[in-house]
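S.K.: Okay, here's the structure, questions in a sec.
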Amino acid sequence: MRFSLPSPTVLPAFCLLGCLAASPVLRPVQHLPAGHSDDAIPVTSENAEYCARLRKNVDTRLVAPPAAIPLGIMEDARHLRAQGDLLCAQGHIRAGIERLRRALVLLKHAPEPR
């Protein structure tokens, strides 16, 4: 009796099927009612207008009184804002939005100074 190895395309196909079978079950997205406010940053399309809106939100929080946000967090947020602004201006919208959102999260969830 002679054994042969499966072809190179058959083996990855079986592995893929096994991975798909072990993947988590996806559930539909639960949408909040229109009047409900949540702290989560809304997800919108990735475009220059969204970059501008995020930049405006970050700038609004950066002008907060200096005692309200620790200095290190302010500097990190300013750095992320500058990077995000530059990336958006250069056409790297997704990367720019990522930096701007990180800056906004830092500013929103900054610990109170002692």
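The values are calculated or read from the model by the stated rules, or taken from the named source; none is laboratory data. Note that the structure is a prediction, hence the values are computed from the model and not measured. Here the Cβ is made from the backbone with ideal geometry for all residues, glycine too, and neighbour counts use every protein chain on show. The protein model used for the area step is the full one, side chains on, heavy atoms only, and it has no ligands, DNA or RNA in it. Shrake-Rupley method; radii C 1.70, N 1.55, O 1.52, S 1.80 Å.
S.K.: Step by step: first the residues of region 72-103, then only those that are of a type in the set (Gly, Ala, Ser) and assigned to a helix (DSSP H, G or I), then the one that is farthest from TYR50 (Cα to Cα). Which residue is that?
M.R.: The residue in question is GLY72.
S.K.: Could you pull out the residue among ARG101, ARG81 that is touching a Lys or Arg at 6+ places or on another chain (Cβ under 8 Å), at negative phi and open to solvent by less than 70 Å² (accessible area, probe 1.4 Å)?
M.R.: None of the others qualify; the one that does is ARG81.
S.K.: Restricting attention to region 45-78, and to residues there that are of a type in the set (Val, Ile, Thr) and open to solvent by 70 Å² or more (accessible area, probe 1.4 Å), which single residue is nearest to the chain's Cα centre (by Cα)?
M.R.: THR60
S.K.: Let me ask something else. So, LEU86, is that one over 15 Å from the mean Cα position of the chain (by Cα), surrounded by fewer than 17 Cβ atoms within 10 Å (Cβ to Cβ), among the hydrophobic types (A, V, I, L, M, F, W, C) and over 22 Å from GLU46 (Cβ atoms) or not?
M.R.: No, not satisfied.
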